[in-house]
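See below for the structure under consideration.
The values are calculated or read from the model by the stated rules, or taken from the named source; none is laboratory data. Source: prediction; values computed, not measured. Virtual Cβ from ideal backbone geometry, glycine too; neighbours counted across all protein chains shown. Quick note on the areas: whole protein, heavy atoms, side chains included, nothing else; ligands and nucleic acids left out. Shrake-Rupley method; radii C 1.70, N 1.55, O 1.52, S 1.80 Å.
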Amino acid sequence: MQTVAADLPAALRGAKVTVVHFWSPDPRCGYCVNDDQAFDALAQTYGPEVVFRRVQWTPWRSFPKIDLDIRLQGVPNLYVFNGSQAVAVLARQIKNEAGWVKSHIDRALAGKHLPLFGSPPPATAGPHAVPPGEPTAGELQVAQQLVTGLVLSEGVRQCTDLNASSATGLASAMRQWRKRGLVPADSDAPMLVPKFGVAAVQQMLVEAHRQLAGALTLNNATQAGCQELQTWLLKS
């Protein structure tokens, strides 16, 4: 259902799990084209236990003021809410990510999600509670792998924009790369938050991105670079 931006906070308080599509019908928003149809198709796969809302505006650059703790990174954006708390965000088109969105909706329905923004409720420390200390090598690797996945996803997006005919092959290669376990589950990063706190985990991700920046350069995609990316995804 279509919802006015100003009414969204009150609407979220009336449902356990709500999926909100921030979108624009402005034809100058290239990424918005047909994304509304993908959202509508996703909504049809759920019953009344999940509420689907669309907040839209035009022109696409005229972002409305929304009194919620969210970070709109452009349009389209899709958020999964548990009550008024954002628990997952998709900052790209839905068409190749419906499975990802459904997995987060299902986790929200099961109450397994931590909030995206702000600190989770503090854990009750027992009499023998151990300070978190420094991140282990495995925890740092989680941060590194999560950032790698994000950077590679951006590379796939750029290459798809450059050559639409390569979209199927690149998407398939990316799925195979993820299935081989080279990127941890989306739940891994939030699991670090209760131990280290939001600020520390953010710093871990920033450092991982800094280290990765020199290794992967995906700006200004070229045909040769995109073919190399697909080959790397299939072999790594």
Residue list for segment 88-117, restricted to those being over 25 Å from Gly155 (Cα atoms), in contact with a helix residue (DSSP H, G or I) (Cβ under 7 Å, 6 or more places away or on another chain) and open to solvent by less than 50 Å² (accessible area, probe 1.4 Å): His113
Scope segment 32-54; condition of a type in the set (Phe, Trp, Tyr) and more than 16 Å from the chain's Cα centre (by Cα); matching residues: Tyr46, Phe52
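Could you say which residue among Leu116, Leu78, Leu90, Leu140 is closer than 30 Å to Gln44 by Cα and at pLDDT below 70?
Matching residue, one of Leu116, Leu78, Leu90, Leu140: Leu116.
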On the basis of being among the aromatic types (Phe, Trp, Tyr) and part of a strand (DSSP E or B), does Phe52 make the cut? yes
Check segment 44-62 and report whether any residue there is touching a Phe, Trp or Tyr at 6+ places or on another chain (Cβ under 6 Å) and of a type outside the set (Lys, Arg). yes
Residue list for segment 30-45, filter: of a type in the set (A, V, I, L, M) and outside any helix (DSSP H, G or I): Val33
Filter segment 73-85 down to residues that are part of a loop (DSSP other than H, G, I, E, B) and open to solvent by less than 50 Å² (accessible area, probe 1.4 Å), then give me how many there are. 4
Which residue is farthest from the chain's Cα centre (by Cα), if the candidates are limited to segment 55-70 and must be closer than 13 Å to Val20 by Cα and in a loop (DSSP other than H, G, I, E, B)? Ile66
Name every residue in segment 1-40 that is open to solvent by 30 Å² or more (accessible area, probe 1.4 Å), at pLDDT 90 or above and in contact with a helix residue (DSSP H, G or I) (Cβ under 8 Å, 6 or more places away or on another chain), in order of residue number. Pro25
